[in-house]
Amino acid sequence: MDRLEEVLDTATPLLRRVDEVLGAAGAPAGHALWAELRRVRLLPGDAVLAVSALTPSALAGAAPELRSDARAYAEVAAGLPAPGEWTGDAADAYDDLRRRTAAHLSGDHESLDERLEATADLAEALTDWMAETRARLAATLAEILASGDALTLLPPTTPPPMPQVIAAADIAAHLLRSIADSYSEGTDLLHNSTSLTTPFAI
Amino acid sequence: MEHLTERLDRAVDIMSMMERKLPGLTVPAAAIGATEAGLPGRFGREMYAHWVAVLDARAREAAAATARLAEMSASVRTTREQYRTTDETVAARLRREI
């Protein structure tokens with residue numbers, strides 16, 4: 001159980017109340033919440049549940065596998081046999097192709113094992129991003145639970161008075177901003193690794 | 001030359017195994033939020049498609065390398081057979097002439 005799971009049970013009633021208030025009264029015109037809603041396109045309760053679906057362990061095994069594969073490529077490259085006692089033009093042509101194939105499989109620049117290592121780095125970065133996104137949300141929720149805005153939302157009143165409307169909007173804006181910022185970092189990870197989606201030509 | 005083809009064939013086997021195992025590193029779409037709504041769902045679907053494309057690219061690279069190694073092995077094997085045929089033909093001709 002990570003920090004998000006721990007804090008989620010405590011935070012759920014508050015998130016439900018925030019969603020209720022916003023559903024009943026909306027947010028004041030010009031409030032920062034509107035911009036965050038346009039980014040996340042979910043109310044806080046659903047947004048938190050969506051983030052809690054992230055499962056870093058699902059991708060955690062990929063990086064070690066890929067690094068092991070990269071080592072296997074290097075071993076294959078090193079094991080490609082030289083012509084030995086075979087001599088002549090055909091043997092020379094074979095040896096030239098053998099060397100080029102070995103360099104393609106394993107080397108310092110644009111080799112297949114380097115591509116596997118870069119893919120392993122991406123797997124690690126995405127795994128870390130999922131864990132950090134969960135941790136950041138947990139920290140934000142803990143902050144909100146301890147805030148004066150959380151107290152302002154008590155007791156539940158219908159229709160919600162203006163201080164509760166503002167408190168709900170402030171909480172929602174804070175929460176959605178944190179989530180949107182995390183996903184913006186995730187989007188950068190994808191954009192920065194676009195080259196890995198194209199096979200390296202032999 | 002027999003040992004060359006044996007070792008090249010072993011390399012082909014290893015690379016084929018890599019090619020087959022790479023797609024197994026995909027993650028369930030739900031584990032990255034791809035089935036959710038809003039920004040988390042949209043990003044989850046992008047991340048899923050991205051990761052599948054990355055693994056597919058690595059599998060294609062492995063397939064191309066496998067094909068090249070298989071061609072090398074086949075070429076060496078063909079050359080060996082041609083050497084053997086030439087040896088046998090010349091030997092037969094020399095025996096006839098003696």
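The values are calculated or read from the model by the stated rules, or taken from the named source; none is laboratory data. Bear in mind that the values here come from a model prediction, so they are computed numbers and not experimental data. When we count neighbours, we look across all protein chains shown, and the Cβ atoms used for this are built from the backbone with ideal geometry, even at glycine.
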Seminar exercise, completed: Scanning region A:41-62 for residues that are more than 8 Å from chain B (Cβ to nearest Cβ), surrounded by 18 or more Cβ atoms within 10 Å (Cβ to Cβ) and either closer than 28 Å to A:LEU116 by Cα or touching a Cys at 6+ places or on another chain (Cβ under 8 Å) (or both) gives A:PRO56
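Here is a yes/no grid of residues against (1) at pLDDT 95 or above; (2) hydrophobic (A, V, I, L, M, F, W, C):
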{"position": "B:VAL12", "(1), (2)": "yes, yes"}
{"position": "B:ALA29", "(1), (2)": "yes, yes"}
{"position": "B:GLU36", "(1), (2)": "yes, no"}
{"position": "B:SER73", "(1), (2)": "yes, no"}
{"position": "B:TYR83", "(1), (2)": "no, no"}
{"position": "B:GLU97", "(1), (2)": "no, no"}
Exercise. List, please: which pairs have Cβ atoms under 8 Å, are six or more places apart or on different chains, and start with a residue in region A:137-162 that is within 19 Å of A:ARG177 (Cα to Cα) and end with one that is part of a loop (DSSP other than H, G, I, E, B)?
Worked result: A:ALA138/A:ASP2
Problem set entry | region A:126-140 - residue that is more than 15 Å from B:PHE43 (Cα to Cα) and of a type outside the set (Lys, Arg) and, of those, farthest from the other protein chains (Cβ to nearest Cβ) | A:ALA139
Exercise. Here are A:ALA70, A:ALA102, A:ALA82: which of them is touching a helix residue (DSSP H, G or I) at 6+ places or on another chain (Cβ under 7 Å), closer than 25 Å to A:ALA201 by Cα and outside any helix (DSSP H, G or I)?
Worked result: A:ALA82
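Do we find that B:ASP13 is of a type in the set (Asp, Glu), free of Cβ contacts under 8 Å to residues at least 40 places away in the same chain and under 30 Å from A:TYR94 (Cβ atoms) in this structure? Don't jump to the end; show me each part of the working.
Values: of a type in the set (Asp, Glu): yes; free of Cβ contacts under 8 Å to residues at least 40 places away in the same chain: yes; under 30 Å from A:TYR94 (Cβ atoms): yes.
Criteria met by B:ASP13.
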Exercise. Just checking, how many residues over region A:63-102 are within 33 Å of the chain's Cα centre (by Cα) and either more than 7 Å from chain B (Cβ to nearest Cβ) or more than 17 Å from B:ASP9 (Cβ to Cβ) (or both)?
Worked result: 12
For this session: Take the residues in region A:161-202 that are of a type in the set (S, T, N, Q) and farther than 29 Å from B:ALA57 by Cα, then tell me which one is nearest to the other protein chains (Cβ to nearest Cβ).
Result: A:SER178
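Test B:ALA70 against the stated conditions and say whether it is more than 8 Å from chain A (Cβ to nearest Cβ) and not in a helix (DSSP H, G or I). It would help to see each step written out before you state the result.
Numbers: more than 8 Å from chain A (Cβ to nearest Cβ): yes; not in a helix (DSSP H, G or I): no.
Here the answer is no, as B:ALA70 does not meet what is asked.
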Seminar exercise, completed: Of (1) crowded, with 20+ Cβ neighbours inside 10 Å; (2) more than 7 Å from every other protein chain (Cβ to nearest Cβ); (3) of a type in the set (Phe, Trp, Tyr), B:TYR83 fails just (1)
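Taking B:LEU22 as the residue in question, decide whether it is farther than 30 Å from A:GLU36 by Cα and hydrophobic (A, V, I, L, M, F, W, C).
Taking the combined requirement at face value, the residue satisfies it.
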For this session: Test A:GLY30 against the criterion of being more than 8 Å from every other protein chain (Cβ to nearest Cβ), free of Cβ contacts under 8 Å to residues at least 12 places away in the same chain, at positive phi and surrounded by fewer than 14 Cβ atoms within 10 Å (Cβ to Cβ), and give yes or no.
Result: yes
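Condition check ((1) among the hydroxyl-bearing types (Ser, Thr, Tyr); (2) buried (at least 16 other Cβ atoms within 10 Å of the Cβ)) across all residues:
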site: B:ASP13; (1), (2): no, no
site: B:ALA30; (1), (2): no, no
site: B:GLY38; (1), (2): no, yes
site: B:ARG58; (1), (2): no, yes
site: B:THR66; (1), (2): yes, yes
site: B:ALA91; (1), (2): no, no
Problem set entry | Residue ID - farthest from the other protein chains (Cβ to nearest Cβ), chosen from residues in region B:27-63 that are of a type in the set (Asp, Glu) and more than 28 Å from the chain's Cα centre (by Cα) | B:GLU46
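Considering only residues that are of a type in the set (Gly, Ala, Ser) and either crowded, with 21+ Cβ neighbours inside 10 Å or part of a helix (DSSP H, G or I) (or both), which ones fall in region A:127-151?
Going residue by residue through region A:127-151, those that are of a type in the set (Gly, Ala, Ser) are A:131, A:135, A:138-139, A:142, A:146-148, A:150.
Scanning region A:127-151 gives A:ALA131, A:ALA135, A:ALA138, A:ALA139, A:ALA142, A:GLY148, A:ALA150.
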Exercise. For A:ASN192, which of the numbered conditions (1) farther than 28 Å from B:ARG42 by Cα; (2) of a type outside the set (Phe, Trp, Tyr); (3) free of Cβ contacts under 8 Å to residues at least 60 places away in the same chain fails to hold?
Worked result: (1)
